[in-house]
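This report refers to the structure that appears directly beneath it.
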Amino acid sequence: MCMHDEAATHYIDMIDQTTMGHRFLKEEFGVTPRIGWQIDPFGHSAVQAYLLGSEVGFDSLFFGRIDYQDRAKRKNEKSLEVIWQGSKSLGSSAQIFAGAFPENYEPPAGFYFEVNDNSPIVQDNIDLFDYNVQDRVNDFVAAAVSQANITRTNHIMWTMGTDFKYQYANSWFRQLDKLIHYVNKDGRVNALYSTPSIYTDAKYATKETWPLKTDDFFPYADRENAYWTGYFTSRPAFKYYVRLMSGYYLAAKQLELFKGRMNSGPNTDSLADALAIAQHHDGVSGTEKQHVANDYSKRLSIGYKEAEQLVASSLACLVESASFTGCQNPVTKFQQCPLMNISYCPPSEVDLNQGKNLVIVVYNSLGWRRNEVVRIPVSNEDVIVYDSEGKEIVSQLLPQAEVYASLRNYHVMAYLGETPAKAPKYWLAFTVSVPPLGFSTYRVSAAKGTVAGPTRSSVYTYQTSETSKIEVGQGNLRLTFPPNQEKFTNYVNTRNSVEEQIKQSYLYYSGYNGTDDEVPQNSGAYVFRPNSTYLLKHERQVPLTVMRGPLLDEVHQQINPWIYQITRLQKEKEHVEVEFTVGPIPIDDGIGKEVVTRISTSMETNKSFYTDSNGRDFIKRIRDYRSDWDLEVNQPIAGNYYPINLGIYVKDNSTEFSVLVDRSVGGSSLADGEIELMVHRRLLLDDSKGVAEALNETVCVFDDCKGLIIQGKVYYRIDPLGEGAKWRRTVGQEIYSPLLLAFSEQDGDDWINSHILTYSGIDSNYRLPDNVAIITLQELDGGKVLLRLAHLYEIDEDKDLSAMASVELKKLFPRKKIKEVKEMSLSANQERTDMERKRLEWKVEGSFGSVDERVLRGGLVDPEELSVELGPMEIRTFIVYFESESDIKPFDV
């Protein structure tokens, strides 16, 4: 549907939007595209090459932007065109012919023909004084020979156009017609109107051997002080909204399938459209003008509203009847709380003293059972929580921090145009256990008589004068904070004996003002160009507050007047959750600022760190180094930043330290044992890369506008060497697909007797293997289902889980009889066998025709057994056909 970004996009979103576009082309025009055309994204990812290139059936992939140093070297070596193997797990089985243009996506100099361009036209009227046919032919031949000298084979491509051209197409085609005619008459070169597919076929026919490219093309700089690494974080609130909607869309499609997709009434199409276009390389990247960002957000909001209705009605159908067929008008009314992050959730804030019960249905879109602590804002303190079996469960009350009240009041007015009711005093926390692709029901009611109710968190405020250390953590993981908040915190995991000294700090880079430089380059929406670094000192007069309870402990810190942080440890989890509120970033001094959080350890990591590619493969990075050329370092900070969608980790000889994120951010390891993430940017100058606006986001209530406040989370953990992958992959999935909460009110206690309390959309005795996720489960026209299964691990990533996995399709659809299963290309626009049959086999330098012996791929699906195998990093896509509706079994409960 768009030319998606490749840095700030999640692989599931990339697949979804590409599938939507490819299926549209197939249905409307009967066309199956062969070429990837990613000419404008600002750097290129490994996932783009092997997943959104090879695995969708493309024969080639072309792009315009690679690092200026890389481009210079490739011109000398004739290696602008390569065979790109983006995945070490899939190797040559998912390679693609890839070409970078010699000078971005532009015509050669002197061949621009918009009506107001300066290039000489071809004047072929010999009676006029400016007759110039031979001059123009000579110019054309010289430009062609120049490009031929840096290109293998005697075929070259000219991209005859660029941004905003062909507004009057006749002025181009008139000149191109003449050039082709006279150049071919001259005979030194042959010129023709062509397409990327014709060009690819011509290249393939030469039987040339091509250089090999692995990994990716990040980061991208187009000159020495212009590293396009700021956009990895730009518009962090929008980036989070896209990620949140992505996980919600995945869950909503599942529930739409379970209920049965309706031709009328709410569906997920509007959200799908909004999410698809938001992946644009000037969308989720954060590099659009403010009014365009507003438009993207508005479309997402409209799509969410409709999907929210669908989710509510689907859950209502599921809780009301275990054997519904085409449930039409359920009576149960569910509400959801998209503003829960600012503690605004009207359905959970009801006064329960009037005899009402709050019913919470918790849906899990992942393929395994989840046991997690959920937190909801409540007004009553004497409440009791019951599970699906009607048993009282442990719950904990945590006082609302004052920072939430102001966040809530301002933003509810900004978003909804109304003043919210009095802020709830507490968060109510309790542990839920939810089956795969299913829900569990929890009930909150007022505690009566002698019933104990929730455990109130003990709250202690440590004054800055105190000298005692502060220990938190009820389970295996303990943190010991020093009384001086700027010193190291002791991290101990008693289960695996990992111990480390950790220091977390905040700092900002001042945005560079290059207005008066000989070569001007400011820091802006695209470009990160730091001027100087400022460590943000803790507010010494502000005490540190600790809350402890049976489920979780929290440490609250006011870092400075505009940064607030909560460090959270759950008893049953072995990682640290850090929730931060950053902003408004002050600009009274006239200087833009780029805020980072930095976590330091004593680990010796040898300049190396690992970042994910679009949430999929991890790629090794080495500070101040590029594997493809000898890097000339001129921006030691910005030039070492990489895009992060899932996480980043470092390792030494004994341990590995991982940090996971809740949205796309930029990050790095600028010193050994250290990880930093850029969490917010507010800049006052444009970087002259196309947006023509400063990145200065504000939120307004009437005429009162404040700088954007960001709330987000990072999660970190230290493991023995080789044991971190399971946490990164499992918790990474849980961050992407948070539990979905739906609220209803019930008078009295009859919910248990009149509703289904727990449900799983798959066989109740089945769960997916630990190394597999369902990334698409969607009903298509005619009742058929689009199913995608993804292996979550790379080769050699985990000693147990980097192995072949198997999924039983019959167990995924226990209530339907499978008639046929067709394996498709990744974008589901052609059968996999047809795609493989058409695949071009390219020659690669140094490979001598060898096959990657370590590549594992699943075999054909037996039509009787219906078991799907997946090798490391493999994603397999199927369309599943079922017997008629009359064969559907009643729903199991």
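The values are calculated or read from the model by the stated rules, or taken from the named source; none is laboratory data. In this text, all values refer to a predicted model and were calculated from it rather than measured experimentally. So basically every Cβ, Gly included, is an ideal-geometry build from the backbone, and we count neighbours across all protein chains shown. Please note that ligands, DNA and RNA were not included when accessible areas were found on the heavy atoms of the full protein model with its side chains. Shrake-Rupley method; radii C 1.70, N 1.55, O 1.52, S 1.80 Å.
Before moving on, here are some points about what is shown:
- Tyr460 contributes an accessible area of around 100 Å² to the protein surface, as traced by a 1.4 Å probe with all chains present.
- The orientation-averaged projection of the convex hull spanning the C-alpha atoms of the chain amounts to 39.8 square nanometres.
- Sites Gln830 and Ser194, calculated FRET efficiency, Cβ-Cβ separation with R0 25 Å, nearest 0.05: 0.55
- Average projection area in nm² (convex hull over Cα atoms of segment 485-555, one quarter of hull surface): 8.9
- Dipole check for segment 406-515: with +1 at the C-beta of Lys and Arg, -1 at the C-beta of Asp and Glu, and the Cα centre as origin, the magnitude is about 440 Debye.
- Taking each residue as 0.36 nm, the span from Val394 to Lys620 lengthens on full extension beyond its C-alpha to C-alpha distance by 77.0 nm.
- Annotation: amide H of Glu6 within the under-5 Å range of Phe42, sequence separation 5 or more or interchain, hydrogens built in the peptide plane.
- Within the accessible surface of segment 509-560, defined with a 1.4 Å probe on protein heavy atoms only, the carbon and sulfur portion equals 47 percent.
- Phe129-Phe164 FRET efficiency (beta carbon distance; Förster radius 35 Å; 0.05 resolution): 0.65
- 19 Å cut-off, amide nitrogen to a point 7 angstrom out along Cys2 Cα→Cβ, residues in segment 155-173: 163-164
- The Cα atoms of segment 97-146 cover 48, 25, 14 Å along the three principal axes, with the biggest extent listed first.
- Carbon plus sulfur fraction of accessible area for segment 330-436, probe 1.4 Å, in percent: 50
- Within-10-Å neighbourhood charge of Thr32 [Cβ basis; K, R +1; D, E -1]: +2
- Alpha carbon Rg of segment 726-880, scaled by the compact-globule rule 2.2 N^0.38 Å: 1.32
- Where Rh is the Kirkwood radius over Cα pairs, Rg/Rh for segment 620-741: 1.05
- Trypsin sites (Lys or Arg not before Pro) restricted to DSSP loop in segment 201-294 with at most 10 other C-beta within 10 Å: Lys207
- Note that segment 514-556 shows a convex hull volume over its alpha carbon atoms of 130 Å³ per residue.
- A cut-off of 5 Å between modelled amide H atoms, ignoring neighbours fewer than 5 places along the same chain, links Ser60 with Gly36.
- Pairwise inverse Cα distances across segment 339-430, averaged and inverted, put the Kirkwood hydrodynamic radius at 14.6 Å.
- Heavy atoms of the protein chains alone define the surface here; on that basis the chain has 40 Å² accessible area per residue at 1.4 Å probe size.
- Restricting segment 198-290 to GluC sites (Glu not before Pro) in coil, as DSSP defines it, with at most 16 other Cβ within 10 Å: Glu208, Glu224
- Cross-link check: pairs Lys305/Lys573; Lys73/Lys239; Lys239/Lys573; Lys356/Lys448 evaluated at a Cα-Cα cut-off of 24 Å; pairs beyond the cut-off: Lys305/Lys573; Lys73/Lys239; Lys239/Lys573.
- Here segment 623-676 is treated as a Stokes sphere of Kirkwood radius computed over C-alpha pairs; at 37 °C and 0.692 mPa s its diffusion coefficient rounds to 265 µm²/s.
- Comparing Leu757, Thr877, Leu51 along the charge dipole axis of the chain, the residue lying farthest to the positive side is Leu757, per the Cβ-charge model.
- For segment 542-630, the average shadow cast by the Cα convex hull is 10.4 nm², which is a quarter of the hull's surface.
- Residue by residue, segment 53-69 carries 3J(HN,Hα) couplings of x, 4, 6, 9, x, 6, 8, 7, 9, 10, 8, x, 10, 9, 3, 4, 6 Hz when phi is fed to the Karplus relation 6.51 cos²θ - 1.76 cosθ + 1.60 (θ = phi - 60°); x denotes Gly or Pro.
- For segment 166-271: Kirkwood Rh in Å [reciprocal of mean 1/r, alpha carbons]: 20.9
- Put a plus charge on the Cβ of each Lys and Arg, a minus charge on the Cβ of each Asp and Glu, and nothing anywhere else: the dipole of the chain about its Cα centre is then about 1080 debye.
- With θ taken as phi - 60° and the Karplus curve 6.51 cos²θ - 1.76 cosθ + 1.60 applied, the whole-hertz 3J(HN,Hα) list for segment 360-365 is 10, 9, 10, 9, 10, 8 Hz, x standing for glycine and proline.
- Using the average count of surrounding beta-carbon atoms within 10 Å as a protection proxy, the listed peptides 733-746, 579-592, 51-64, 267-280 rank, highest first, as 51-64, 267-280, 733-746, 579-592.
- Sulfur and carbon atoms: percent of accessible area, segment 173-251 [1.4 Å]: 54
- Taking segment 494-532 and a reference point 7 angstrom along Cα→Cβ of Glu224, the backbone N atoms nearer than 20 Å belong to 512-524, 527-532.
- Amide hydrogen proximity for Ser395: with H placed 1.01 Å from N in the peptide plane, the residues at 5 or more positions away or on another chain lying under 5 Å are Thr455.
- By the equivalent-ellipsoid construction on the alpha carbon gyration tensor, segment 285-362 comes out with semi-axes of 31, 20, 8 Å, ordered largest to smallest.
- Environment charge at Gly511 (Cβ cut-off 13 Å; Lys +1, Arg +1, Asp -1, Glu -1): 0
- Using Cβ point charges alone (K and R +1, D and E -1), the dipole size of segment 345-390 about the Cα centre works out to roughly 260 debye.
- Unpaired by the 4.7 Å Cβ criterion, cysteines found in the chain: Cys2
- Shown in residue order for segment 38-46 are the 3J(HN,Hα) couplings computed by the Karplus curve 6.51 cos²θ - 1.76 cosθ + 1.60 at θ = phi - 60°: 10, 6, 10, x, 9, x, 9, 9, 4 Hz (x for Gly and Pro).
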